[in-house]
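Notes to accompany the following structure.
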Amino acid sequence: MIDLLVVALAFGAIFVVELPDKTFIATLVMSTKMRPLFVWIGVGLAFLVQTGVAVGVGKAASFLPEQLIHSVAALMFVIGAVILFREARSADEDEAGQEEEYAAKADSAAHGFKVIATSFVVLFAAEWGDLSQLLTISLVAKYDDPVSVFLGAWGALLTVSGLAVIVGRLLLQRVRLSVLHYVGATVCVLMALLTVWEMTR
């Protein structure tokens, strides 16, 4: 049975953490160099595999004692907040360098399956062990609802990558990358507090 509250929590947490992430920049840059729809398909498939792996690890972790699971989940959210706060300071300066890096990996002459494969490989490598994947593991372990977390997390990743493809450049012109980092960090802090509150009820 799908729990819509868990889906919504997973979607919200992963969305705000992923929005300022390097994968957003990678998708944006590749979509300017190659066919945007094929880039989004390749990125979506990479996210599908990554989310599936995270959910599997999270499900295995759910067999640990409940108090330990909640403690680790709270710690992961705190670590996520610290990482995002620290990265926020240099996010705006690093953006140009990241764009150059992913532009070099994109092949403007590529089309069809090659675009999908290139996008898959670039995002698969960039996302491995990423904060959003670690938070997905924590959410599955915490709520013991792999299907709902999977739907929320993958939906969030597809939405973020879709935004990068469609309005990514416009969004970055309107909102500084550092601001997105601070928003993501704040949500991580709130999730940590929620987890602690649930432990002490």
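Would you say Ala156 is hydrophobic (A, V, I, L, M, F, W, C), crowded, with 17+ Cβ neighbours inside 10 Å, more than 30 Å from Met34 (Cβ to Cβ) and at pLDDT 75 or above?
Judged against the criteria, Ala156 is not a match.
Results for (1) in contact with a helix residue (DSSP H, G or I) (Cβ under 8 Å, 6 or more places away or on another chain); (2) among the small types (Gly, Ala, Ser); (3) open to solvent by less than 60 Å² (accessible area, probe 1.4 Å); (4) free of Cβ contacts under 8 Å to residues at least 60 places away in the same chain, shown as yes or no for each residue.
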{"position": "Ala10", "(1), (2), (3), (4)": "yes, yes, yes, no"}
{"position": "Ile14", "(1), (2), (3), (4)": "yes, no, yes, no"}
{"position": "Glu18", "(1), (2), (3), (4)": "yes, no, yes, no"}
{"position": "Asp21", "(1), (2), (3), (4)": "yes, no, yes, no"}
{"position": "Phe24", "(1), (2), (3), (4)": "yes, no, yes, no"}
{"position": "Lys33", "(1), (2), (3), (4)": "yes, no, no, no"}
{"position": "Pro36", "(1), (2), (3), (4)": "yes, no, yes, no"}
{"position": "Ala46", "(1), (2), (3), (4)": "yes, yes, yes, no"}
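In the range 48-65, what residues are over 14 Å from Asp145 (Cα atoms) and free of Cβ contacts under 8 Å to residues at least 40 places away in the same chain?
Answer for the range 48-65, where residues must be over 14 Å from Asp145 (Cα atoms) and free of Cβ contacts under 8 Å to residues at least 40 places away in the same chain: just Pro65.
The values are calculated or read from the model by the stated rules, or taken from the named source; none is laboratory data. Remember, it's a predicted structure, so these values are computed and weren't measured experimentally. Here the Cβ is made from the backbone with ideal geometry for all residues, glycine too, and neighbour counts use every protein chain on show. The area values use the complete protein model at the heavy-atom level, side chains included, leaving out ligands, DNA and RNA. Shrake-Rupley method; radii C 1.70, N 1.55, O 1.52, S 1.80 Å.
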